Amino acid sequence: MITNELYGLLQCPTCHSRALYVLDDGVHCASCATVYPLREGYLDLMPRGMHYDYVSKYVTDETELAEELDYRELAPPLLAAGVRDRALRRLLRFRPTDIVLDNGCGTAKHAVWNADQVHLMVGSDPATLFADRAVAEVALAQADSRSLPFAEGTFDKAFAIDILEHFPLEVIDAYLAETARVLRPGGRMLAFSNTREMSPIQPIINLSRRLGRLFVRAGLYDFSREARRKSDHIKALETWEDVVAAFERAGLRPVKVVFWNSLFTTFVEHVVMKLGEAVLGRTAKKPSQPPPQAAKDPSADPYLASLATQTTPEGTAREIRARQRVRSHLRPGSPVYRALMVITLVMELDLWLFGWMRCGSYFIVVEKPR
Ligand SMILES: [Zn+2]
């Protein structure tokens, strides 16, 4: 979505001028004459003529990942994504007057889920794997977080969920410095990421992983899709001290921290959900049986259906099939939705019970000094 209000926040990401004007074909910079074209549902605000050593795999492998990530249709905020989203809301306390930046939004799911809480929700990402609802409901910019196309002091709040672990240190520094620049004084940012630190209760958490591995050996499911999703995690901020130091270098002051020791979460993800997926995602054994509902349903995305049956490894195909089947039952208030919400709240117990206990996964809220 492109709104007039978005235009009012912009500055040229190439030369940093605010002398911009809008024509039918896009946003023009009066200083450096760059034209930033309007695309379908978003603005292309990538800085021009800059060379960066680091490029996200979501940009370089965008076409492949588009197939893999199953990104167009959003499920409601449930399970691990639900825990993140509920923590985001609770810790950042959105207000109806807020202008908020989802910096590195990906599909922009968290932006979509919280857009109705705030005055203007902006999503920004160098890759354009935006969900359909994001294109409809969120102001979207294709942008590089090292040279954001927004004026200083624009945003009341910003968030970075599952971002920092992907970047080398110099990119983290540039990302945080730019986020600090576009926040207003007193504005707050939430980051969710992880270091290399172990949870003090890791041996107990690992029991669930071990149980999960038994199922893998029995051929019930595999974790290949999940492993690929995490394949570019660098975790340049190795310790909690590194995290605090990085925010301080950017002039952002920590105000609140919650750690995520994933005791209940790991049990749910590695045992409960994967068993459910194995059941829901199993293929028809005999050719006489009807094909999976998702492939038959004319309203289902035929592209996704073909993906689920042809181009991806069996584990991934099974997971996508399971997700499609579950998704069709996910209307808020439905029995499946309620069951998954209960499981989400069980996972969230990890934050309430163990949030004080330092470990690798963390939510941090920081503030730009007034
Ligand atoms: Zn310019």
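Remarks
- Greater than 19 Å apart at Cα, pairs in Lys57/Lys235; Lys157/Lys368; Lys109/Lys235; Lys57/Lys230; Lys109/Lys274; Lys157/Lys256: Lys109/Lys235; Lys109/Lys274
- Helix 79-92 and the longest principal axis of the Cα set of the chain meet at an angle near 30°.
- Considering only Ala134, Thr195, Leu79, and ranking their Cα positions along the charge dipole of the chain that arises from unit charges at the beta-carbon of Lys, Arg, Asp and Glu, the one farthest toward the positive end is Leu79.
- Debye, to nearest 20: dipole size of the range 1-150, +1 on Lys, Arg Cβ, -1 on Asp, Glu Cβ: 780 debye
- Extreme residue, positive dipole direction of the chain, given options Thr97, Ala177, Ile364 (C-beta unit charges): Ile364
- Rounded to the nearest whole Hz, the Karplus-based 3J(HN,Hα) values (6.51 cos²θ - 1.76 cosθ + 1.60, θ = phi - 60°) of the range 117-124 follow the sequence 8, 10, 6, 9, 9, 10, x, 9, with x at glycine and proline.
- Per residue solvent-accessible surface (Å²) - the chain, probe of 1.4 Å: 47 Å²
- For the chain, Cys with no neighbouring Cys Cβ under 4.7 Å: Cys105, Cys359
- The range 96-217 - Debye-derived log10 I(q)/I(0), Cα point model, q = 0.11, 0.13, 0.18, 0.23 Å⁻¹: -0.46, -0.60, -0.90, -1.27
- Dipole magnitude of the chain about its Cα centre (Cβ charges: Lys, Arg +1; Asp, Glu -1), debye to nearest 20: 1440 debye
- Taking θ as phi - 60° and the Karplus parameters 6.51, -1.76 and 1.60, the scalar couplings of the range 241-248 work out to 4, 4, 5, 4, 5, 5, 5, 5 Hz in sequence order, x denoting glycine and proline.
- Projecting the Cα atoms of Phe267, Ala245, Leu65 onto the charge dipole of the chain, computed from C-beta unit charges around the Cα centre, puts Phe267 farthest toward the positive end.
- In the chain, the sites counted are chymotrypsin sites (Phe, Trp or Tyr not before Pro) in DSSP loop states with at most 16 other Cβ atoms within 10 Å, and the longest stretch holding none of them, exclusive of the sites, is 55-355.
- For the chain, the mean residue ellipticity at 222 nm estimated from helices alone is -11000 deg cm²/dmol, where every DSSP H run of n ≥ 4 contributes -39500 (n - 2.57) and the total is divided by all residues, rounded to the nearest 500.
- Among the protein heavy atoms of the chain, carbon and sulfur supply 56% of the accessible surface, probe 1.4 Å, non-protein parts ignored.
- Extent along principal axes [Cα atoms of the chain; Å; largest to smallest]: 66, 48, 40
- Gyration tensor (alpha-carbon) shape descriptor, the range 37-155, a/c threshold 1.5: oblate
- Across the chain, the relative contact order, built from alpha-carbon pairs under 8 Å that are at least six residues apart, equals 19 percent.
The values are calculated or read from the model by the stated rules, or taken from the named source; none is laboratory data. Keep in mind it's a predicted model, so treat the numbers as computed, not measured. Glycine also receives a Cβ, built like all others from the backbone with ideal geometry; neighbour counts cover every protein chain displayed. Quick note on the areas: whole protein, heavy atoms, side chains included, nothing else; ligands and nucleic acids left out. Shrake-Rupley method; radii C 1.70, N 1.55, O 1.52, S 1.80 Å.
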